[in-house]
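A.B. asks: The structure is given below, and queries will be raised subsequently.
The values are calculated or read from the model by the stated rules, or taken from the named source; none is laboratory data. Bear in mind the structure is a predicted one, so any value in this text is a computation, not a measurement. Ideal geometry is used to build each Cβ from the backbone, glycine not excepted, and the neighbour counts take in all protein chains shown. What goes into the accessible areas is simple: the full protein's heavy atoms, side chains included, and nothing from ligands, DNA or RNA. Shrake-Rupley method; radii C 1.70, N 1.55, O 1.52, S 1.80 Å.
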Amino acid sequence: MLRPWRILRKNWRIFLVWPLAGLLIWGISLSILLAGLARDREQAEREGIAEAASLSRGYAEKVARTMDAVDQSLLHVRYEWELSKGTLQLEIMAGKGLFPPSKSSYVAVIDREGNPRTSTLPEKGKLNAMDRRYFKQQITSAGDNLFVDRPTIGRASKQKVLQFSRRLVDANGAFDGVVMMSVTPDHFTANFDVATFGARGYLGIVGADHVVRASRIGQAVQKSDALDLILVPRFSAPSGSALLEGRTWFSDKRNRFVGWQSVPGYPMIAVAGLDETSALAHYERARAATMRHALLATMAFAAGIVIGMLFSLRLAWRKHQVQLIQATYRMATEGSNDGFFILGALTDTTGKIDDFEVVDCNQHGAEVCRLRPQSLIGRSLSSLYRENILARIMNPLLDAMETGQYEGELEFGDGEVGEPRWLHLKAVRSDATLAITLRDISDSKAYVKELERRGNQDALTGLPNRHWLQCYLPQAIARAAENGVRLALLFIDLDGFKTVNDTMGHFAGDELLRYAARRLQDAVRPLDYVARIGGDEFVVILENDALAADAAQVATRVLAAFKPKFKLTKGAISVGASIGISVFPNDGQDAATLLQNADVAMYAVKMNGKEHYRCFAAAF
């Protein structure tokens, strides 16, 4: 027996493998953790992009409604102007509160010379609009369209404004001036909500001409001398979302998830943005907590490595003791002529045993499976055998697991060369394992089978003999009675057989019997049985609800089969047949009665000219 310090020296790899394995596992775990955090960040970014897209859609609808309201105001003023034939006074309407305060917007009617005719602003002198883009646009416009001008500094308000305009026409359809509404950009971003967009969220409107109409970051509205966007994105699709880098796009250099959506009915794109840092704040907090937990787990894992090394040393000592026991066990099992197995039960998710694993086996046991023990140990039975064979093996093993033991014979394999067909199996349960002893009994089973075959077969014709008939016929009658069906017997005696035997010798008689047996087998139906019960007497069993008519039809074929002469070695001869028929249950309830009555019917044929058949009648 090894001393403890020699066990340590023999298992020096423990001090190398455990740290290396721990380092490998830690590295893999860290990689998985970082990959998971990366996936979480990607998910958070996808959610941020999706949220920005959703906000942009909502913002686009609000911008559309605001522009609809502006356009409705312009249409209303134009209608009132035309209705009043140019006498409408917007100053009076503004005084009555029919328009928003002039601080955020004002409305004006401008004649064809560019001079304001009436306005919601207080009088501030003559401000001619001939040089304004919106005025020039309406002069050259071919239709009645709302024109939204680029942001400009209003001459009257002295602040950045957006100017909306519609064309006035005279009675001849010629240009007659402009109805204009000036609105500050913050009017279109006034719905900014810190709770929704965050303190550094972004809202903006970009025109089809790639010019920003309104913009804001957080609570700060775009001023006339500064832009929130350093570069204006050229949106390649009517809607979408993306992450934009702050140093490239935004004045505050902060990255944002940006969504954009074209404004329904207007050549504008509504833009909404979420600050990346704010949007990912929840992820960053979760990541920090995860890294703290990972650090604690690493410390616990290192302690586990040390404990594992100590357990491994203890297991090494136990393994050494087990090896001594196994060596003794191996000497005992390998010296036996029986196959020996240790099988461990395998269960499914419900706890039901559905397979067994080979824990150990000896050489003789491995030879049953045509494998080496090293290749067999650790394999499951389902991986060794096909389903039909596995079912035959599993049934006795499950019985042993349930009752504690099993002993019986097992038909094993498919009869391939070198594979036994019959085994004597003994199984004893120990907890969740079975100790199996196998003995090959194929030779003894084959010997018994051969004896049974010889006992049931006529040596001359190869047909079943009287012994077989006495065993089979009662079983056939019992099945017919159980199923409520009929069964028929044909008792056949050769006509003239004794003459052949006496005149041509026993060799010719035997030859005749063999030929007669062959003709009988050809004449009957595929599922009928032909047996020779002695001398020149034969019996045919007709099952499957055979009626007297069926038996008569078979008898007719038999008689026809005996019409041609038999070509024997010593010459051709003619031999007929006399047939008696009895039917279960009418002519007998048991095998002896049926045979006797069929024999009686046959003798009735003999007494009335031979070479015919008759069914049994009570008068016989």
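A.B. asks: Would you please name the trypsin sites (Lys or Arg not before Pro) within segment 251-294 that are DSSP coil residues with at most 16 other C-beta atoms within 10 Å of their C-beta?
C.D. replies: Numbers: sites: LYS253, ARG254, ARG256, ARG285, ARG287, ARG292; in loops: LYS253, ARG254.
Answer by residue number: LYS253.
A.B. asks: Still on this structure: Any idea of ARG518's accessible area? Nearest 10 Å², probe 1.4 Å.
C.D. replies: 130 Å²
A.B. asks: Along Cα→Cβ, 7 Å out, is where each label goes; now give me the distance between the ones at ASP502 and THR403 in nm to one decimal.
C.D. replies: The answer from the label model is 6.3 nm.
A.B. asks: Still on this structure, I have one more. Considering only protein heavy atoms, with the full assembly of protein chains and a 1.4 angstrom probe, order TYR472, TYR59, TYR515 by accessible area, largest first.
C.D. replies: Details: TYR472 35, TYR59 5, TYR515 70 Å².
If we order TYR472, TYR59, TYR515 from most to least accessible, we get TYR515, TYR472, TYR59.
A.B. asks: Now for a separate question. Carbon and sulfur: what percent of the chain's accessible surface (1.4 Å probe)?
C.D. replies: Values: 18880 of 34110 Å².
Ligands and nucleic acids excluded, carbon and sulfur reach 55 percent.
A.B. asks: Taking R0 as 25 Å, what FRET efficiency do you get between GLU82 and THR152 from their Cβ-Cβ distance, rounded to the nearest 0.05? All intermediate terms of the calculation are to be shown ahead of the outcome.
C.D. replies: Values: r = 27 Å, r/R0 = 1.10.
It comes out at approximately 0.35.
A.B. asks: Sticking with this one: Along the charge dipole of the chain, which of LEU460, TYR613, ASN11 sits closest to the positive end, that is, farthest toward it, with unit charges on the beta carbon of Lys, Arg, Asp and Glu (+1, +1, -1, -1)?
C.D. replies: Positive-most Cα among the choices belongs to ASN11.
A.B. asks: Can you give the longest stretch of the chain with no exposed loop site, where a site means GluC sites (Glu not before Pro) in a DSSP loop (not H, G, I, E or B) with at most 16 other C-beta atoms within 10 Å?
C.D. replies: Working: sites that count: GLU113, GLU123, GLU245, GLU416.
After excluding every exposed loop site, the longest remaining stretch is 417-620.
A.B. asks: Can you give the relative contact order of segment 471-620 as a percent, counting alpha carbon pairs under 8 Å and 6+ residues apart? It would help to have the intermediate numbers written out before the result.
C.D. replies: Values: 265 pairs, mean separation 44.5, N = 150.
That works out to 30 percent.
A.B. asks: Can you pull out the trypsin sites (Lys or Arg not before Pro) in segment 105-210 that DSSP calls coil and that have at most 10 other Cβ atoms within 10 Å?
C.D. replies: Values: sites: ARG112, ARG117, LYS124, LYS126, ARG132, ARG133, LYS136, ARG155, LYS158, LYS160, ARG166, ARG167, ARG200; in loops: ARG112, LYS124, LYS126, ARG132, ARG155, LYS158, ARG200.
Filter output for segment 105-210: LYS126, LYS158.
A.B. asks: Can I ask one more? Can you sort SER141, SER236, SER383 by 1.4 Å-probe accessible area, starting with the largest? Please report the intermediate quantities before stating the final value.
C.D. replies: Working: SER141 20, SER236 115, SER383 60 Å².
From most accessible down to least: SER236, SER383, SER141.
A.B. asks: Starting from the 7 Å offset along Cα-to-Cβ, what nm value, one decimal, do you get for the label separation of SER383 and ARG525?
C.D. replies: In this crude spin-label approximation the distance works out to 5.2 nm.
A.B. asks: Separate question: Would you kindly state how much longer the chain becomes between ALA289 and ALA552 on full extension, computed as 0.36 nm times their sequence separation minus their alpha carbon distance, in nm to one decimal? All intermediate terms of the calculation are to be shown ahead of the outcome.
C.D. replies: Details: separation 263, 0.36 × 263 = 94.68 nm, distance 9.51 nm.
Stretched fully, the ALA289-ALA552 segment lengthens by 85.2 nm.
A.B. asks: Right, something else. Expressed as a rounded percentage, what relative contact order does the chain have, with Cα pairs under 8 Å and six or more residues apart?
C.D. replies: Values: 1006 pairs, mean separation 51.1, N = 620.
Relative contact order for the chain comes out at 8 percent.
A.B. asks: State in Å² the accessible area per residue of segment 500-584; use a 1.4 Å probe, count heavy atoms of protein chains only, and round to the nearest integer.
C.D. replies: Details: 3720 Å² over 85 residues.
Ligands and nucleic acids excluded, the result is 44 Å² per residue.
A.B. asks: Moving to a separate point now. Using the Cα centre as the reference, give the magnitude of the dipole from point charges on the C-beta atoms of the chain (Lys, Arg: +1; Asp, Glu: -1; all else neutral), rounded to the nearest 20 debye. Show your work: numbers first, answer last.
C.D. replies: Details: 75 positive and 69 negative charges, 595 e Å.
Rounded to the nearest 20 debye, it is 2860 debye.
A.B. asks: Something else now. Once you have the Cα-Cα distance between ARG372 and GLN475, take 0.36 nm times their residue separation minus that, and quote the gain in nm to one decimal.
C.D. replies: Values: separation 103, 0.36 × 103 = 37.08 nm, distance 4.64 nm.
Contour length minus the Cα-Cα distance gives 32.4 nm.
A.B. asks: Moving on. Return the label of the correct value of mean projected area of the Cα convex hull in nm², as calculated from the structure shown, out of (i) 27.3; (ii) 63.3; (iii) 34.3.
C.D. replies: (ii)
A.B. asks: Using the heavy atoms of the protein chains alone and a 1.4 angstrom probe, what is the accessible area of segment 116-214 per residue in square angstrom? Could the numbers behind the result be given before it?
C.D. replies: Values: 4450 Å² over 99 residues.
Heavy-atom accessible area per residue stands at 45 Å².
A.B. asks: If you rank ILE573, ILE377 by how much accessible surface each has, with a 1.4 Å probe, what is the order from largest down?
C.D. replies: Working: ILE573 25, ILE377 70 Å².
Descending accessible area places them as ILE377, ILE573.
A.B. asks: Mean Kyte-Doolittle of at least -0.5 and a Cα length of 27 Å or more along the axis: which whole DSSP H helices of the chain meet both? Write out the running numbers ahead of the final one.
C.D. replies: On the way: long enough: 14-83 (102 Å, 0.26); 281-334 (70 Å, 0.25).
Long hydrophobic helices here: 14-83, 281-334.
A.B. asks: Also, I was wondering about something else. Compute, for LYS62, the solvent-accessible surface of its heavy atoms (probe 1.4 Å) with the complete set of protein chains present, and express it in square angstrom to the nearest 10.
C.D. replies: About 90 Å², ignoring ligands and nucleic acids.
A.B. asks: I'd like the accessible area for MET602, computed on protein heavy atoms only with a 1.4 Å probe and all protein chains in place. Round to 10 Å², please.
C.D. replies: In the full protein context, MET602 sits at about 0 Å².
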